[in-house]
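Novice: I'd like to ask some things about the structure below.
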Amino acid sequence: MTRIDPVTSAVIQAGFEAAADEMFAVLRRTAMSPIIHEVLDVGTGVTDGEGRLVSSGAGIPTFVGVLDKAVARIIEVNGRDSIAEGDMFITNDPAFGGVTHLNDVVVASPVFHDGVLLAWAASIAHWSDVGGMTPGSMSTGAREIHQEGLRLPAVRLFGGAEPVEAVFSIIEANTRMPEVTAGDLWAQIAAARRASQRIREVAARYGRRAVDQALDALFDADEARVRSGLADLPPGRHAIGERQDDGSLWQAAITIGAGRFAVDLTGNPGQMAAPFNTSRDGSVIAAQMVLKALADPGRAASDGSFRPLEVITEPGSVFHATGTAPHGYYFETRIRLFDLLWRCLADAMPGRLPAGHFGSICGTVIAGDHPDTGRRFTMVEPQMGGWGASARHDGLDCMFSASHGDTYNCPVEVCEARYGIEVGWKRLNEDPAGRGLRSGGRGLEVCYRLRSRAVVATGISRHRVPVWGLGGGGEGGTNAMTLIRRDGTREVHGMASGLEVDAGDTVLIRTADGGGWGPRPVPDG
C-alpha cells in the first residue's frame, strides 16, 4: 500500500483540527445561554469512525475527554450497522456515554464518505436546566439520578437527516426554560453540521485511505511523545491518602515505569446516595489530564496520548458509580481527584510541580424571575481562585480550576442585564493565606445582590480542609459561600441547594488562595 507523505498527512490532520475549532466557534456564537457563549462551559471534538479522539476545539479539557467515550457508547448502544448518513445522536446519561451529569448534553453526528463511516463530530455543553428537583437541576438533596432531571440514553435526535420530533418534544417538556434550551440544542446541531461539512471536504480531496493513514500517524506520534515524557517522571510507586470535607479518606497510587502510567483508585469509599459520585469514565478523564499535563503539555491530545495510561477502579465506589447513583456535583469529586493525583506526584517531585490550588469549581446557581422583565432565568457561574506557588514563582491570582481550561467568567454587564442580579464587586480576597518562600495566588471575592426572589444552589469543595502547601509552604485557606439576609443574619455554606432568597439578600462567594511553596524566611533580628 502506498504511504502518504508527511506533508499531506499534516494537512489532513490540520483539516480535522480546523473542523473542531469551527465547531467551537459556531457553538459559541449561536448558543442562547451565557454559560455557553460567555463562560464557554463547552467542549468540541472530532473522533474517527470508531470513536477515537482525533482533535478538539477550545473549551473545558475534561469536557473534551467526554466526547470519545460518548461516541464509543453511542456506537455500542445503537449498533454500528444501524448508524446511517444523516443521523444525529444525543446523550447526557452517565450510563450511556454522558460521563458527567445530566446538565451536560452531548450531541454527536456520524460523518460518512462514500457510504463508509469515517468520523464523528461531537460537542458537549452545559444546559441551564433539565428538570429535576430544583431550578438549575443541581440539587444536593438528590438520592438517585431520577431526581436530577431528564435522562437521554444515547438516542437518535435525527434519523436520516429527519428530526425525531418526539425527542425534541420530550426535551422541551422537561426543562423550566424551553426557549433557551431549544436555542442551545440547535446551536450544538449547527456546530456538528459545520464540522461534518469540513471533514467531508477533507475526505473528498484526499480520499479515505489517506485520511486513515494520517490519523494513524497522529495517534502514533502523540503516543511516542507521551512515552518520551514519561521517561522524565520519577519511576516507581507513589501513594497518597487525604481526608475530605466530609471526613472520608480518599487514596490513590500512581505507578510509573516501562512506558506505563498506572493509576490505582481501589480501596476508596463506596458510592453515595447523594450527588457527589463520578463515573469510571470521569475518573479516567482526571487521570488523563494529569498524564497529559506532566508528560506532553505542549500539544492537544488524541487517542494516542493515552495509550500508556491504565486506570484501576472498583465498581460501586465513589470513583466508579453504578446503577441509579446521582451525579449532580460530579465535578467537585473529579476536580478533587485530579488534585489528589497531582499532590501525589508533587510530593515526589516538589521542585517541578506547584502546591495545591483552590481545588473547586465553586459552581453558583441562582434561579428566579427577572425583576424587570419577569422572564425566568438560571444563572450558572463557576468561580475563580488562587493557584499554588512553585519553587520559582508565586502562584497565579484568580484563575479557574485546573479542570476548567479555556473558560471565562460572565461579564458583570451580561449578568446584570440577563439575570437582573446586581454584582456588588469582584475583587481579590484579603486572606493572608498561602504564604511561604513563594506565596500562593490570591482567591476571589464576589458579591451578588438579589433584586427579586430566587433559589440558590452552591457546590463548593475545600470548605473545611484547606488548600495544601508544598515543601513547608503555608496552607491556602478554604472556599465558602455566605448568604447575608436583609436583617444581617449570615449563613455559611459549602454544598447546598434550594436556598430561598429575597430581594435585598446578598450571596457572597470567597475562594481560597493557592498553597505556598517552601518555608517563609525568618526576618533577621
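Novice: Given the conditions (1) polar (S, T, N, Q); (2) in contact (Cβ under 8 Å) with a residue 60 or more places away in the chain; (3) open to solvent by less than 10 Å² (accessible area, probe 1.4 Å), report the number of the one that T333 does not fulfil.
Specialist: (2)
Novice: In region 485-525, what count of residues is obtained for those that are surrounded by fewer than 18 Cβ atoms within 10 Å (Cβ to Cβ) and more than 28 Å from A433 (Cα to Cα)?
Specialist: 7
Novice: How many residues, within region 223-240, are open to solvent by less than 50 Å² (accessible area, probe 1.4 Å) and either closer than 20 Å to A346 by Cα or among the small types (G, A, S) (or both)?
Specialist: Of the residues in that region, 8 qualify.
Novice: While we're here: Please go through region 110-134 and pick out each residue that is closer than 18 Å to G183 by Cα and not acidic (D, E).
Specialist: Result: A122, S123, I124, A125, H126, W127, S128, V130, G131.
Novice: Quick one: would you say T378 is assigned to a loop (DSSP other than H, G, I, E, B) and in contact with a Gly (Cβ under 9 Å, 6 or more places away or on another chain)?
Specialist: No, not satisfied.
Novice: Related question: Restricting to region 42-86, name every residue that is among the β-branched types (V, I, T) and in a strand (DSSP E or B).
Specialist: Within region 42-86, V42, T44, V46, T47, V54 qualify.
So that you can scan it fast, the table gives a plain yes or no per residue for (1) in contact (Cβ under 8 Å) with a residue 60 or more places away in the chain; (2) of a type outside the set (K, R); (3) in contact with a Leu (Cβ under 9 Å, 6 or more places away or on another chain):
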position	(1), (2), (3)
V130	no, yes, yes
S137	yes, yes, yes
R151	no, no, yes
G160	yes, yes, no
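Novice: A further question follows. So, in region 248-268, of the ones that are over 24 Å from D104 (Cβ atoms) and not in a strand (DSSP E or B), which residue ends up most open to solvent (accessible area, probe 1.4 Å)?
Specialist: Within region 248-268, the match that is most open to solvent (accessible area, probe 1.4 Å) is A258.
Novice: Among (1) in contact with an Asp or Glu (Cβ under 9 Å, 6 or more places away or on another chain); (2) open to solvent by 20 Å² or more (accessible area, probe 1.4 Å), which single condition is G440 missing?
Specialist: Going through the list (1) in contact with an Asp or Glu (Cβ under 9 Å, 6 or more places away or on another chain); (2) open to solvent by 20 Å² or more (accessible area, probe 1.4 Å), G440 breaks only (2).
Novice: Follow-up question, since we're still on this one. Of the numbered conditions (1) closer than 25 Å to V414 by Cβ; (2) in contact with a His (Cβ under 7 Å, 6 or more places away or on another chain), T364 satisfies every one except a single condition; which is it?
Specialist: (2)
Novice: Regarding region 5-27, can at least one residue be identified that is part of a loop (DSSP other than H, G, I, E, B), of a type in the set (V, I, T) and crowded, with 21+ Cβ neighbours inside 10 Å?
Specialist: no
Novice: Mind checking whether some residue in region 295-318 is within 21 Å of T62 (Cβ to Cβ), part of a strand (DSSP E or B) and among the charged types (D, E, K, R)?
Specialist: Yes: one or more hits.
Novice: What are the residues in region 199-221 that are open to solvent by less than 60 Å² (accessible area, probe 1.4 Å) and touching an Asp or Glu at 6+ places or on another chain (Cβ under 7 Å), if any?
Specialist: L215, F219 - these are the residues of region 199-221 that are open to solvent by less than 60 Å² (accessible area, probe 1.4 Å) and touching an Asp or Glu at 6+ places or on another chain (Cβ under 7 Å).
Novice: Now for a different question. Quick one: which residue in E413, E445, E475, E422 is open to solvent by 40 Å² or more (accessible area, probe 1.4 Å), in contact with a Leu (Cβ under 9 Å, 6 or more places away or on another chain) and of a type outside the set (S, T, Y)?
Specialist: Testing whether each residue is open to solvent by 40 Å² or more (accessible area, probe 1.4 Å), in contact with a Leu (Cβ under 9 Å, 6 or more places away or on another chain) and of a type outside the set (S, T, Y) leaves just E422.
Novice: On the given criteria, is G57 of a type outside the set (F, W, Y), open to solvent by 10 Å² or more (accessible area, probe 1.4 Å) and farther than 29 Å from M272 by Cβ?
Specialist: Spelling it out, G57 is indeed of a type outside the set (F, W, Y), open to solvent by 10 Å² or more (accessible area, probe 1.4 Å) and farther than 29 Å from M272 by Cβ.
The values are calculated or read from the model by the stated rules, or taken from the named source; none is laboratory data. In this text, all values refer to a predicted model and were calculated from it rather than measured experimentally. Neighbour counts are summed over all protein chains in view; Cβ atoms, including those assigned to glycine, are modelled from backbone coordinates with ideal geometry. Remember, those area values only see protein heavy atoms, side chains included, never the ligands or the DNA or RNA. Shrake-Rupley method; radii C 1.70, N 1.55, O 1.52, S 1.80 Å.
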